[in-house]
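The values are calculated or read from the model by the stated rules, or taken from the named source; none is laboratory data. Just so we're clear, the structure is a prediction, and the values are computed from it rather than from any experiment. Here the Cβ positions follow ideal geometry from the backbone for every residue, glycine too, while neighbour counts run over all protein chains shown. Note: areas computed on protein heavy atoms with side chains; ligands, DNA, RNA excluded. Shrake-Rupley method; radii C 1.70, N 1.55, O 1.52, S 1.80 Å.
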Amino acid sequence: MDILYLLVPLSVVLALLVIGALAWAIFRGQFEDLEREGARIFEND
């Protein structure tokens, strides 16, 4: 039961880190042009 005092705050911190990373990616424009990045693999250099 004592391990819950460690695991619950640790999981909250991990969840906040994941949400922060997702928010950072969204605000930096990582998801702006998904179709262009998918079609880029078919282009010849």
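For the chain, what is the calculated [θ] at 222 nm in deg cm²/dmol (nearest 500), taking -39500 (n - 2.57) for each run of four or more DSSP H residues and dividing by its residue count? Provide the component values of the computation, followed by the final result.
Working: 2 runs with 30 residues, N = 45.
That comes out to -22000 deg cm²/dmol.
Leaving out ligands and nucleic acids, note down the accessible area per residue over the chain with a 1.4 angstrom probe, in whole Å².
Counting only protein heavy atoms, the per-residue value for the chain is 102 Å².
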Loop-located GluC sites (Glu not before Pro) in the chain, at most 10 other Cβ atoms within 10 Å (DSSP): Glu32, Glu43
With eigenvalues of the C-alpha gyration tensor scaled by 5 and rooted, the chain, Å: 39, 12, 6
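Using a 1.4 Å probe on the protein heavy atoms, what percent of the accessible area of the chain belongs to carbon and sulfur?
On the way: 3110 of 4590 Å².
Carbon with sulfur: 68 percent of the solvent-accessible area.
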Folded to 0 to 90 degrees: helix 4-27 orientation relative to the chain principal axis, Cα: 20
Unit charges at the beta carbon, dipole of the chain: most positive-side option, Leu10, Leu34, Trp24: Leu10
